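Just below is one structure, and these are the notes that go with it.
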Amino acid sequence: MLKMFSTQLTGLFNRVLNKNEYGFEDGARLLAQASISSSTIYLFASKETYGVISEALHSLEPLKHAKEWNEELHFDEITEGDRFLLLSRYSTDTEVVELAKKLCKHNIPFVGISTTLDSDVEDLSKLADVHIELGLTKGLLPDEEGNRFGYPASLAALFAYYGLRFTMEEILEEY
């Protein structure tokens with residue numbers, strides 16, 4: 001089972017990479033603007049994608065200029081150079097979409113990471129300046145009844161985060 005999950009996970013990572021070739025570059029450029037101007041990259045995540053914030057802020061290699069966005073902060077504290085990274089399992093997550101709408105209203109550039117769902121409601125993929133598509137619509141493993149399980153949204157989001165981060169670091173080295 002673990003070998004099959006590992007194979008499926010490798011396939012997922014390859015799909016994320018291939019679907020977002022230009023998204024990683026564009027998103028990294030947008031976030032690098034905050035680093036270049038010594039501004040802040042605010043991070044906000046819902047549900048299991050919150051693990052990306054832990055990695056970005058508390059790992060052995062924390063993301064420079066990054067800070068978690070929370071309700072105690074106010075939009076009047078945001079500077080022109082600040083940028084946001086929003087993460088969620090699905091593009092229709094109401095908590096993330098509400099923040100995305102506020103960012104749009106205040107003309108604050110941001111990158112979104114999620115799986116886009118076909119829907120008529122506003123969603124992160126339509127609101128974000130750059131959206132990284134996870135493409136994780138079902139679990140990776142089949143059970144005996146034909147259902148799917150093993151839904152690694154946090155792993156996919158972390159992979160996308162590192163794709164943005166490594167690309168951003170390459171851009172900053174050139175700068």
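The figures follow:
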item	result
Charge dipole magnitude, Cβ of K and R +1, D and E -1 - the chain, Cα centre, debye nearest 20	320 debye
The chain: angle of helix 2-19 to the longest principal axis, Cα-based, in degrees nearest 10	40 degrees
Per-residue Cβ neighbour rank within 10 angstrom, fewest leading, S39, S59	S59, S39
Potential extension, D129-E21 segment - 0.36 nm per residue separation minus Cα distance	37.3 nm
Dipole-positive endmost among T94, Y151, F13 within segment 1-152 (Cβ charges, Cα centre)	F13
Residue order, fewest to most beta carbons within 10 Å, for H74, H65, H131, H106	H74, H106, H65, H131
Summed residue charge, Cβ within 12 Å of K101's Cβ, Lys/Arg positive, Asp/Glu negative	-1
Cβ-defined net charge surrounding T40, 15 Å radius [Lys, Arg +1; Asp, Glu -1]	-3
Distance in nm between pseudo-label sites at F13 and N70 (7 Å out along the Cβ direction from Cα)	3.2 nm
Charged-residue dipole, Cβ positions (Lys, Arg, Asp, Glu), segment 88-175 about Cα centre, Debye nearest 20	220 debye
Net lengthening on full extension, K105/L172 (0.36 nm per residue, minus Cα-Cα)	21.3 nm
Amide H contacts under 5 Å for Y90, placed H, 5+ residues apart	T115
Burial ordering of M168, M4, fewest other beta-carbon atoms within 10 Å first	M4, M168
Simple spin-label estimate for F149 and E80 in nanometres, 7 Å along Cα-Cβ	5.4 nm
Rounded if a/c under 1.5, otherwise prolate or oblate - segment 2-174, Cα gyration tensor axes	prolate
Cα gyration tensor category, rounded, prolate or oblate, for segment 4-72 with a/c compared to 1.5	oblate
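Computed from the coordinates by the stated procedures, all read-outs in this text should not be read as laboratory data. None of these values were measured; they are calculated from a predicted model. FYI the Cβ positions are ideal-geometry reconstructions off the backbone, even for glycines, and counts take in every protein chain you see.
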